[in-house]
């Protein structure tokens with residue numbers, strides 16, 4: 001059988017309740033990936049899969065279970081899943097320590113897509129975005145890690161939901177996409193040998209051509225428009241697509 005070696009990229013589902021449409025659609029999406037496992041090589045989740053996700057030792061909240069279960073089945077079919085921590089995902093390496101088989105990426109990553117590509121959630125891409133940098137420092141530090149470990153999970157659960165809502169309403173939701181930051185970053189990545197970058201966080205599916213030799217592929221928000229990006233290894237192309245619940249194949 002011809003192996004197509006498709007690679008799928010998605011981000012920013014911000015899942016809350018299992019009964020929400022975006023959650024049910026993503027469950028079906030992964031069920032189709034499981035069924036089409038001969039054609040798909042890997043799935044990259046570039047952050048903010050859930051509206052908040054903190055990995056606790058031996059504790060998984062009920063709303064996380066259905067998706068984590070289907071993702072595990074996908075891995076058991078031989079498809080690799082890479083999950084990047086976004087600005088709503090914290091301390092997920094604990095999942096690997098407990099034996100969960102997806103690969104957690106805490107920062108950025110390089111991948112070969114017929115050329116060298118940079119992968120990241122993207123929230124810290126803009127060096128002048130001090131709001132997200134401060135939030136990242138507040139959350140990703142040893143003190144917060146210790147508190148999340150020793151406090152009762154239900155307290156952390158409610159605080160995390162409040163923090164997620166605060167961040168969305170007061171910081172992320174009030175920021176507008178400024179293409180200038182990509183023009184500033186592109187030369188730095190190009191000097192490191194990258195042909196392009198694939199990013200989450202910005203909630204818009206958009207290809208930005210920065211000169212003749214560098215492209216940014218911004219992933220849309222699964223929550224908003226069910227968009228995702230596919231790399232077709234046979235034809236060596238990157239293509240944006242949108243999922244609908246009547247699909248049978250990707």
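Just so you know, all these numbers are worked out from the coordinates, no wet-lab data involved. Given the structure is predicted, the values throughout are model-derived calculations rather than measurements. Note: ideal-geometry Cβ built from the backbone for every residue, glycine included; neighbour counts use all protein chains shown.
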- Take the alpha-carbon centre of the stretch 82-121, take the same for the stretch 28-46, and report the distance between them in whole Å. 16 Å
- If 245, 226 are placed from fewest to most neighbouring beta carbons inside 10 Å, the sequence is 245, 226
- Note on the structure: Given 178-188, 79-89, the highest-first ranking by average Cβ count within 10 Å works out to 79-89, 178-188
- Item | Tail beyond 14 Å, pair distance distribution of the stretch 1-46 (Cα, percent) | 56 percent
- Which length gain, in nm to one decimal place, applies between residue 247 and residue 108 when the Cα-Cα distance is subtracted from 0.36 nm times their residue separation? 46.9 nm
